1. Is at least one residue of the stretch 104-120 farther than 25 Å from residue 67 by Cα and surrounded by fewer than 18 Cβ atoms within 10 Å (Cβ to Cβ)?
2. Can you find even one residue in the stretch 79-89 that is among the aliphatic types (A, V, I, L, M) and closer than 28 Å to residue 10 by Cβ?
3. So in the stretch 5-41, with the set limited to residues that are of a type in the set (D, E, K, R) and more than 17 Å from residue 116 (Cα to Cα), which one is most open to solvent (accessible area, probe 1.4 Å)?
4. Given (1) of a type in the set (S, T, N, Q); (2) in a loop (DSSP other than H, G, I, E, B); (3) open to solvent by 20 Å² or more (accessible area, probe 1.4 Å), where does residue 124 come up short, assuming only one miss?
5. Would you confirm whether or not the stretch 52-62 contains a residue that is of a type outside the set (S, T, N, Q), touching a residue at least 12 places away in the same chain (Cβ under 8 Å) and touching an Asp or Glu at 6+ places or on another chain (Cβ under 9 Å)?
6. So which of 80, 73 ends up being touching a residue at least 60 places away in the same chain (Cβ under 8 Å) and either open to solvent by 90 Å² or more (accessible area, probe 1.4 Å) or under 20 Å from the mean Cα position of the chain (by Cα) (or both)?
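The values are calculated or read from the model by the stated rules, or taken from the named source; none is laboratory data. Everything numeric here is computed off the predicted structure, so don't read it as measured data. Please note: Cβ atoms are built from the backbone with ideal geometry, for glycine as well, and neighbour counts cover all protein chains shown. Side chains are part of the model used for accessible areas, which takes the heavy atoms of the whole protein and leaves out ligands, DNA and RNA. Shrake-Rupley method; radii C 1.70, N 1.55, O 1.52, S 1.80 Å.
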Amino acid sequence: KTTLSNILVGVYPIKEGEILYAGVSNKALQLSTIRENIHLILQHPKLFNDTMLFNLTLGKEYSTDAVKKALHIAQLDNVIAGLDLGLDTLVGKDGIKLSGGQRQRVAIARMILSDPKVVIFDESTSALDVHTEVKLFEALHDFLREKTVITIAHRLSTIKSAAFIYVLEDGKVV
């Protein structure tokens, strides 16, 4: 399943066949175009030994309001409030100063800021308790409404609102 998500965003090249994005072949698109429009959120997101703000924005310029909105939707308001230096707090190598669920929500806030057309959640809420996950997806509902969302998960509660559910087993849809 993770391999499939990596193929969709162009991490792994396609040896045979093609992927159609809104009817357009991957062969007709630049990799940069695909990556600008699809945001993959992994179970273990990459965080840098830098500030919380840098890990949210990756150095891009966003308004204070946009950052606050992303933090609110990603259920990070209380986390930021609890940090000694707020958004200026260093999170450590790979975000070691944050819990797994906090790191996942940082990656989700990063996705919100990038505002992609397609979002792939690859076990990206697995470290959250069920209560926080429910609140998160309720907050994400309006943001995700006009987007294509692919959710890869083992927990049934994570995919219960999906329009279509596919089960992959041994590389095949069953």
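1. Narrowing the stretch 104-120 to residues farther than 25 Å from residue 67 by Cα: none.
The answer is no, given that none of the residues of the stretch 104-120 is farther than 25 Å from residue 67 by Cα and surrounded by fewer than 18 Cβ atoms within 10 Å (Cβ to Cβ).
2. Of the stretch 79-89, the ones among the aliphatic types (A, V, I, L, M) are 79-81, 83, 85, 87.
After this cut, where a residue has to be closer than 28 Å to residue 10 by Cβ as well, the list is none.
For the stretch 79-89, residues among the aliphatic types (A, V, I, L, M) and closer than 28 Å to residue 10 by Cβ: absent.
3. Filtering the stretch 5-41 down to residues of a type in the set (D, E, K, R) leaves 15-16, 18, 27, 35-36.
Filter once more, so that each one left must be more than 17 Å from residue 116 (Cα to Cα): 15-16, 18, 27.
Values: 15: 192, 16: 158, 18: 101, 27: 146 Å².
Step by step, filter the stretch 5-41, then rank; the result is 15.
4. Of everything listed in (1) of a type in the set (S, T, N, Q); (2) in a loop (DSSP other than H, G, I, E, B); (3) open to solvent by 20 Å² or more (accessible area, probe 1.4 Å), residue 124 misses just condition (3).
5. Just the residues of the stretch 52-62 that are of a type outside the set (S, T, N, Q), to begin with: 52-54, 56, 58-62.
Subset that is touching a residue at least 12 places away in the same chain (Cβ under 8 Å): 52-53, 56, 58, 60, 62.
Subset that is touching an Asp or Glu at 6+ places or on another chain (Cβ under 9 Å): 52-53.
Yes, that holds for at least one residue.
6. Values: 80 fails: touching a residue at least 60 places away in the same chain (Cβ under 8 Å).
On inspection, the qualifying residue turns out to be 73.
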